[in-house]
Amino acid sequence: MRRDVNFKTIHSTNEKHFDIFFEILNIKEGHLVLDIGGGYGEVAFEFYRRNKDISYHYHLLEPSEFQINKGKDYIQKNTSDHFYNGKVKYINTDFLQFNTDEKYDHIILKMVLQYFTLEEQLVVLKKSKSLLSKNGKITIWRPYLTDYVSEFFPFIILKKDELAYFNQMKNKINFCSEIEFKGLVLSSGLAQNNEDIEPKFVFEYLLDTSARFHPEFKSNIDLYNEWLSLIEKAYLLTDKKTKDIVKFLKTKNGLILNFQRAIYQF
């Protein structure tokens, strides 16, 4: 089944999250940006509407032809002809097969590393590093999976994908804990020691299951309720430290759990 969703909705992303992200990114006049796994152009659009007067070039790399076409339509409808035709370049390929002589001032990895295997994630980080300009930066927005939530959160998402028939995605998603992520960063050469690997910012992510009901479960109430039941059972079996971090609230439309996202920059 093809996944066609609004990530801003299902990821509970708000205006302030993007404001913080762009403050950290600090894209300036003349910069060249590569957005790996940029999907339908969510980040490109959010930056454009906040910075219409800055001249920069944005390369949106996305392996899905469906998402690329959706992005072209979305950006054309919601931005200017100058931005659509002059600032954005759409690259329909997998990053592992991507070849270029360009050097980028910014490389963005927003909620995308998990779609590579752990071995490939290391390759992605090394390759990204090799594509940076002299003062270039890699900015990563990812789930913040500390020890006590590193198993519970992936379980919830993978079960959702399994029940919603995203079988191809289920086989590809590979969330790594913060400890594993730090190991990847060190091995890639982006940092020299653990002290250099701290998030620039950590913010709350409210996983509201009701936001997934229509776009991902296609309003199938039986499958949706099965997912809710699995989440509740798994939560009850977690240890006290996990429950101290992740709160669980039943609502009339589903469940709300609080996790976290982190933004790193190297």
Additional length obtainable on full extension of the chain from ASP244 to LYS159, 0.36 nm per residue less Cα span = 28.3 nm
request  = Extending each Cα 7 Å along its Cβ direction at LEU230 and ILE179, get the distance between those two points in nm, one decimal.
outcome  = 2.6 nm
Cα-derived Rg to Rh of the stretch 96-221, Kirkwood definition = 1.01
request  = Would you work out which of HIS31, PHE66, HIS214 lies farthest towards the positive end of the dipole of the chain? Charges go on Cβ: Lys and Arg +1, Asp and Glu -1.
outcome  = HIS214
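Counting each pair of different Cα atoms once, what's the Kirkwood radius of the stretch 7-265 in Å, rounded to one decimal?
Result for the stretch 7-265, one decimal place: 19.4 Å.
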key: Paired Rg and Dmax values of the stretch 199-265, which use every Cα atom, in angstrom   = 13.7, 41
query = Does the stretch 1-122 come out rounded, prolate or oblate by the C-alpha gyration tensor, with a ≥ b ≥ c the root eigenvalues, rounded set by a/c under 1.5 and, if not, prolate when a/b is larger than b/c and oblate if not?
reply = rounded
message = Checking the table LYS87/LYS200; LYS89/LYS129; LYS126/LYS243; LYS16/LYS233 against a 26 Å threshold on Cα-Cα, which pairs fail?
response = LYS87/LYS200; LYS126/LYS243; LYS16/LYS233
message = With N set to the number of residues, divide the alpha-carbon radius of gyration of the stretch 87-158 by 2.2 N^0.38 Å and report two decimals.
response = 1.29
ask   = To the nearest 0.05, what FRET efficiency results for PHE66 and VAL123 with a Förster distance of 25 Å applied to their C-beta separation?
value = 0.50
query = Once the other residues with Cβ under 13 Å from the Cβ of SER210 are scored (Lys, Arg +1; Asp, Glu -1), what is the net sum?
reply = +2
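Read the figures in this text as sums done on the coordinates, not as results from a lab. Just so it is clear, the structure is predicted and the values come from calculations on it, not from any experiment. Note that each Cβ is placed from the backbone with ideal geometry, even for glycine, and that neighbours are counted across all protein chains shown.
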